[in-house]
1. On the Cα set of the protein assembly as shown, report Rg and Dmax in Å, please.
2. Enter the mean number of other protein chain beta carbons within 10 Å of the beta carbon of each residue in A:192-198, as an integer.
3. Pairs to check: B:Lys20/B:Lys111; A:Lys20/B:Lys206; A:Lys55/A:Lys93; A:Lys128/A:Lys161. Give those whose C-alpha atoms are more than 18 Å from each other in this structure.
4. Reachable aspartates and glutamates from A:Lys168, Cα under 12 Å, same-chain residues fewer than 8 places away excluded?
5. Using Cβ-Cβ distances only, list the Cys residues of chain B with no partner cysteine under 4.7 Å, sorted by number.
6. If you average the alpha carbon positions of the stretch A:53-129 and of the stretch B:1-41, how far apart do those two centres end up, in angstrom?
7. Put a dot 7 Å past each Cα toward the Cβ at B:Ser210 and B:Lys55; how far apart are the dots in nm?
8. Taking the label point as lying 7 angstrom from Cα along the Cα-to-Cβ axis, what are the distances from A:Ser14 to the corresponding position in the remaining copies, in ascending order and in nanometres?
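Bear in mind that the values in this text are calculations on the coordinates, not laboratory data. Being a predicted model, the structure only gives us computed values, none of them experimental. When we count neighbours, we look across all protein chains shown, and the Cβ atoms used for this are built from the backbone with ideal geometry, even at glycine.
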Protein chains: 2
Amino acid sequence: MQIDVISCVSEARSDDFVGKTALVIDVLRATSNMVTGLSAGCRAFVPVETVQQAKQIHAAGDLLGGERSCNKIPGFHLGNSPLEYTRDAVDGKRIVMTTTNGTRAVQKSQKAQHVLACSLLNARACAKAALDLGRDIIVVCAGTQDQFALEDGLGAGAVVKEIRGLAKTEPQVNDFGIAMESCFLQFGDMLQETLQQTATGKRLAKLGYSNDVGFCSRLNIFELVPVLKEGVLVPLVPAPTYR
Amino acid sequence: MQIDVISCVSEARSDDFVGKTALVIDVLRATSNMVTGLSAGCRAFVPVETVQQAKQIHAAGDLLGGERSCNKIPGFHLGNSPLEYTRDAVDGKRIVMTTTNGTRAVQKSQKAQHVLACSLLNARACAKAALDLGRDIIVVCAGTQDQFALEDGLGAGAVVKEIRGLAKTEPQVNDFGIAMESCFLQFGDMLQETLQQTATGKRLAKLGYSNDVGFCSRLNIFELVPVLKEGVLVPLVPAPTYR
């Protein structure tokens, strides 16, 4: 099995996804929100690129979520803070979501056979799911404004480490994946402090979202894996196991 | 002082270099060759992009050096192996050089105020020189075929670590630089084994260049820093210190 980690969504080429399982990572904060929202009972996330698309697509009862320049979009129900995606707010709802980097990374991955939304919060669950799907894996760090973001690299490193621990045969990992795995091994026991020192972590703190950084730096607290089905992210339901 | 590390030459934007000191890193093998050759008494390296340019530019007494697909170019005097750049072979000579990634990275950096050729072999010397030059620093990992190469990332990590140790005030380092520094801290005491496991390391071993990988994985064995002067790489002569 081959695992290729891509440093930034702008580095990803659509054709590299064909036939593979893609793990999209935007730790601060889009994919952290998706797993948090779906774990809190939200039915689905509909990722769209523009604010206008979000307004056009959303139907009665849907919620509008997302950000521009880290802040809630005027007229939207929810911003891009996982702390907003509580059961009270999202249970049973469909959320139409647009964020600067995360939703773009999901869109870019659509030629993959499977697209999973991964974060530190559900890294191990994503590793298991990707292994079960049995295909080569491409891990896309969303990044920020076409630059590598360390928090996404740490998420990728966490996934590579988990896959290596779970796989029956040693996976082949590209150079960037080896680098990110070593970063995770270096920083894995101080994720919160490290995320606070990243470019995005500092920007979020300045804007008053420090608690989001703390929330998103927790490792493997969710078993849920969001998967893209017909353009919409829903919980991955594992195939039933017959005993 | 700001230090930005760029993952791959194709990621570098010419305008990002303006006013800065650029450190170009192609550990396997172009910048390792340059420091080795200049340390062995070669007068200068003339980096050019194409084989034809190399043939046109070289004058009587010059040597032609470089590679395509890792191998020596037909009709050239030298390949891309630092073990060929001995005093017997290069002393007093000018070498016109073309390689796939390294010379391209030097060309791409030309808008910088200063361009230094950096490798593991002279990482500390480059860190000192860059600090002395007193400008913001951009470190360009050359990469291989538009992909990140771990050996270049380790070179960048070594430089960031050295600068952090030498600088009087804490430098600001971009996310990618922090990641590479942590990689270096992880792998720094097993550089040879790590370089053998990289994509380029494996390819070179298959082609019979394992000894080059061993040679290029040695840390801080040279004090010499190649600097670009009027399009040609020559030894950096530090300004005299008056006591």
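1. Rg, Dmax (Cα atoms, Å): 24.2, 83.
2. Values: counts 0, 0, 2, 0, 0, 3, 4.
For peptide A:192-198, the averaged partner shielding equals 1.
3. Those over the limit are A:Lys20/B:Lys206.
4. Cross-link targets: A:Asp132.
5. Singleton cysteines: B:Cys8, B:Cys42, B:Cys70, B:Cys141, B:Cys183, B:Cys216.
6. Using only Cα atoms, the two centres lie 39 Å from each other.
7. Using points 7 Å along Cα→Cβ, the separation is 3.5 nm.
8. For A:Ser14, the inter-copy label distances come out at 2.9 nm.
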